[in-house]
Amino acid sequence: MYRPSAEHSEALQQAVQGDASITFAHDGKSAKELIRDATAVMGNRFFLQSLPYAKHLRWMQSNSVGVDVILQAREQLRGITLTRAKGVYDAEMADHALALILALTRQLHWIRDEQLDRKWLRRTLPYMSGVKAMILGWGGVGQGIARRLRSFDVRVCAVRRSHVGDPCPDEEGFIIIGPDRWREQLPETGLLIMALPFTQETDGLVGAPELSKLPPHALVVNVGRGETLDQDALLSCLRCKALRGAALDVLDLEPPPPEDPVWDEPRLIITPHVARSKEEPPFRWEPLFVENLRRYVSGEPLLNVVDLDKGY
Ligand SMILES: NC(=O)c1ccc[n+]([C@@H]2O[C@H](COP(=O)([O-])OP(=O)(O)OC[C@H]3O[C@@H](n4cnc5c(N)ncnc54)[C@H](OP(=O)(O)O)[C@@H]3O)[C@@H](O)[C@H]2O)c1
């Protein structure tokens with residue numbers, strides 16, 4: 001359910017080695033017709049609207065990393081394998097998170113505003129070395145951010161759902177904390193970074209109780225999903241200077257309506273969901289699609305299978 005280049009189309013054909021036919025849906029109408037007999041669908045574009053017409057579907061390959069939108073059809077997807085584009089954008093997303101962290105730390109958002117007012121105001125600025133950072137979400141994005149932060153001498157700990165027991169270092173020396181213990185560390189956290197999927201468990205995971213435990217010099221950055229952070233609570237903390245700053249690439253409402261206070265809050269930087277930025281063909285997920293199609297046809301385990309109940 002996307003428009004492939006000639007080269008990519010050829011690579012898909014080679015992956016199935018004549019064992020299957022591949023058809024391309026270019027609009028919603030053709031998607032609804034073609035999905036009736038399809039065993040597999042690749043690409044999100046017309047998927048949700050055509051899914052009710054599927055009769056033989058066994059596999060869906062999404063071009064998204066986060067599949068919360070597709071999982072709106074969770075019950076219809078039971079018995080169908082869902083795979084996603086995990087890993088494809090880790091480096092770009094980690095770069096964007098670092099750009100936000102550095103901009104907030106060195107107050108570039110305020111300095112740029114002053115530049116436009118022709119003001120030259122020298123001041124004392126914080127720096128990264130020695131800061132204690134906590135990353136919520138230890139997928140490829142969180143790990144990419146951690147490795148970059150380490151080169152700035154930031155002390156990094158990370159939170160993952162599956163960790164049980166006491167916090168302990170992983171093989172790279174990052175301290176890993178489980179979902180029941182991370183809140184204890186918030187009073188010492190100068191930088192809270194969120195790279196979580198939106199699931200039933202992460203919905204509003206960081207709210208007023210968590211934000212109020214952070215020290216007043218703390219910074220908060222979210223590149224995962226807007227729903228995992230209570231945006232109103234964050235804005236309240238920023239307004240009363242209970243936090244030094246925040247940067248959000250993902251918001252409750254995208255785009256925010258004109259009257260939304262996120263546009264005007266001086267301590268907040270927002271970017272328009274560009275940690276994974278728009279791309280033109282060839283799409284970076286094309287090699288993953290080809291590899292997973294090859295695996296599907298030859299009966300090998302697929303890459304990046306989503307656990308429908310966990311939600312990622
Ligand atoms: N801003 C953008 O442009 C953009 C673009 C693409 C994706 N995203 C978002 O980025 C998210 C992260 O992607 P990724 O590939 O790095 O993630 P991922 O591989 O899906 O990993 C998710 C991480 O979150 C942890 N986690 C899940 N539920 C949790 C909970 N309740 N408490 C604590 N930790 C929890 C998981 O723990 P375990 O390791 O124990 O499973 C895992 O470490 C995606 O889900 C997507 O929503 C944003």
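No value in this document is a laboratory result; all are computed from the given coordinates. Just so you know, these numbers come straight off a predicted model, no measurement behind them. All Cβ positions, glycine included, derive from the backbone under ideal geometry; neighbour counts span all protein chains shown.
Near the amide H of MET42, under 5 Å away, which other amide H atoms are found, from residues 5 or more places off or on another chain, if H is placed in the peptide plane?
Distant-sequence amide H within range of MET42: GLN61.
Would you grab the residues whose amide H sits under 5 Å from the one on ALA158? Only those 5+ places off in sequence or on another chain, please, with H modelled 1.01 Å from N.
Excluding prolines and chain starts, which carry no amide H, the hits are ILE135, ILE175, ILE176, ILE177.
Counting DSSP beta bridges with both partners in the chain, what percentage is antiparallel, nearest 5?
Just about 10 percent of them are antiparallel.
Once you put a point 7 Å from the Cα of ALA20 and another 7 Å from the Cα of ASP166, both along the Cβ direction, what distance in nm separates them?
For ALA20 paired with ASP166, the spin-label model returns 4.9 nm.
Take the Cα coordinates of the stretch 91-150, assign each an equal point scatterer, and use the Debye formula without solvent to give log10 I(q)/I(0) at q = 0.14, 0.15, 0.19, 0.23 Å⁻¹.
For the stretch 91-150, the Cα-only Debye profile gives -0.49, -0.55, -0.75, -0.93.
Per the Kirkwood treatment, what hydrodynamic radius in Å, one decimal, follows for the chain from the mean inverse distance over all distinct Cα pairs?
Values: mean 1/r = 0.0470 Å⁻¹.
It is 21.3 Å.
Which ³J(HN,Hα) values, rounded to whole Hz and listed in residue order, are derived for the stretch 268-280 from phi using the Karplus coefficients 6.51, -1.76 and 1.60 in 6.51 cos²θ - 1.76 cosθ + 1.60 with θ = phi - 60°, glycine and proline given as x?
Computed from phi, the couplings for the stretch 268-280 are 10, 9, 10, 10, x, 6, 10, 4, 9, 8, 5, 9, 9 Hz.
May I ask you to evaluate 6.51 cos²θ - 1.76 cosθ + 1.60, the Karplus curve with θ = phi - 60°, for each residue of the stretch 6-18 and list the ³J(HN,Hα) values in order in whole Hz, giving x for glycine and proline?
Residue by residue, the stretch 6-18 yields 4, 5, 5, 4, 5, 5, 5, 4, 5, 5, 8, 6, x Hz.
For a label point 7 angstrom out from the Cα of GLU188 toward its Cβ, which stretches of the stretch 117-132 have the backbone nitrogen within less than 15 Å?
130-132
Tell me what the chain gives for mean residue ellipticity at 222 nm when only DSSP H runs of n ≥ 4 count, each as -39,500 (n - 2.57), the sum divided by the residue total, rounded to 500 deg cm²/dmol.
-7500 deg cm²/dmol
So if each residue of separation counts as 0.36 nm, and I subtract the Cα-Cα distance between GLN13 and LEU302, what length gain in nm does that give?
102.3 nm
Given the Cα-Cα distance of TRP120 and ARG36 and 0.36 nm per residue of separation, how much length would full extension add, in nm?
Working: separation 84, 0.36 × 84 = 30.24 nm, distance 6.45 nm.
Net length gain for the segment: 23.8 nm.
Projected area of the stretch 96-203, taken from the Cα convex hull and averaged over every viewing direction, in nm²?
Its average projected convex-hull area is 8.3 nm².
Out of residues 5 or more away from ILE269 or on other chains, whose amide H comes under 5 Å of its own, with H placed 1.01 Å from N in the peptide plane?
Sorted by chain and number, the residues that satisfy this are ALA246, ALA247, LEU248.
For LYS310 and ASP113 in the same chain, what is the full-extension length gain: residue separation times 0.36 nm, less their Cα-Cα distance, in nm?
That pair, LYS310 and ASP113, stretches by 66.7 nm at full extension.
Mind sorting ARG36, ARG295 by how few other Cβ atoms lie within 10 Å of their own Cβ, fewest first?
With the sparsest Cβ surroundings first, the list reads ARG36, ARG295.
What does the convex hull of the Cα atoms of the stretch 152-219 come to per residue, in Å³, rounded to a whole number? Walk me through the numbers before you get to the answer.
Values: hull volume 7.3 nm³, N = 68.
It comes to 107 Å³ per residue, whole-number rounded.
Kirkwood-based Rg over Rh for the stretch 160-280 (C-alpha set), two decimals? Present the calculation step by step, with values, prior to reporting the outcome.
Numbers: Rg = 15.1 Å, Rh = 15.3 Å.
So for the stretch 160-280, dividing Rg by the Kirkwood Rh gives 0.98.
Find the Cα radius of gyration of the stretch 1-146, compare it with 2.2 N^0.38 Å by division, and give the number to two decimals.
Normalised by 2.2 N^0.38 Å, the Cα Rg of the stretch 1-146 equals 1.55.
Assuming R0 = 45 Å, what is the FRET efficiency of SER212 and TYR53, from their Cβ-Cβ distance, to the nearest 0.05?
The formula returns an efficiency of 0.40 here.
If I model a spin label at LYS29 and GLU280 as a point 7 Å from the Cα along the Cα→Cβ vector, what separation in nanometres do I get?
It works out to 2.9 nm between the two label points.
Could you list, in their original order, any pairs among LYS119/LYS241; LYS86/LYS132; LYS29/LYS278; LYS86/LYS278; LYS213/LYS310; LYS29/LYS86 whose Cα atoms are separated by more than 19 Å?
LYS119/LYS241; LYS86/LYS132; LYS29/LYS278; LYS213/LYS310; LYS29/LYS86
In whole Hz, with x marking every Gly and Pro, tabulate ³J(HN,Hα) for the stretch 221-228 from phi via Karplus 6.51 cos²θ - 1.76 cosθ + 1.60, θ = phi - 60°.
Per-residue couplings from phi come out as 10, 10, 10, x, 9, x, 5, 7 Hz.
On the first, second and third principal axes, largest extent first, how far apart are the outermost C-alpha atoms of the stretch 15-91 in Å?
Result, largest extent first: 35, 31, 25 Å.
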